[in-house]
Amino acid sequence: MVVRVTAAGGQSSGSASVVNNDFDAVLYARETCAEGGVQLACADAGSSGVSENLSYAVEGPVFIFIDSEGGNDDFSLSIF
């Protein structure tokens with residue numbers, strides 16, 4: 001799943017969090033949606049049931065990617 005985030009005026013950073021008890025998530029932010037785009041940040045705790053938290057700099061639109069390494073794909077995403 002990919003979510004495009006546009007910062008509010010004057011915002012210079014953002015954060016995202018994904019939670020699921022049976023979901024091994026990998027969460028990352030890029031400047032573009034295209035493969036090979038500049039990666040701003042990445043979070044991978046490496047196990048199911050762990051919250052992934054990501055902080056990133058905002059200079060324009062940011063694309064938040066949520067990938068799974070297995071488990072139930074139901075999850076909750078919060079973007080701040």
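Bear in mind that the values in this text are calculations on the coordinates, not laboratory data. All values derive from a computational prediction rather than experimental measurement. Using ideal geometry, Cβ is built from the backbone for each residue, glycine included, and neighbour counts are taken over all protein chains shown.
Miscellaneous remarks
- At full extension, Glu69 and Asp22 could sit 15.8 nm farther apart than now, given 0.36 nm per residue minus the alpha carbon distance.
- Across the chain, C-alpha contacts under 8 Å between residues 6 or more apart give a mean separation that, scaled by the residue count, equals a relative contact order of 45 percent.
- Residue list for the stretch 33-56, given a label point 7 angstrom along the Cα-to-Cβ vector of Phe80 and an amide N cut-off under 20 Å: 40-45, 50-56
- Per-residue extension of 0.36 nm, minus the Cα-Cα distance of Arg4 and Ser47, leaves a gain of 12.9 nm for this segment.
- Listed from fewest to most Cβ neighbours within 10 Å, the set Val26, Val2 follows the order Val2, Val26.
- Order of Glu31, Glu52, Glu69 - criterion: other Cβ atoms within 10 Å of each residue's Cβ, fewest first: Glu69, Glu31, Glu52
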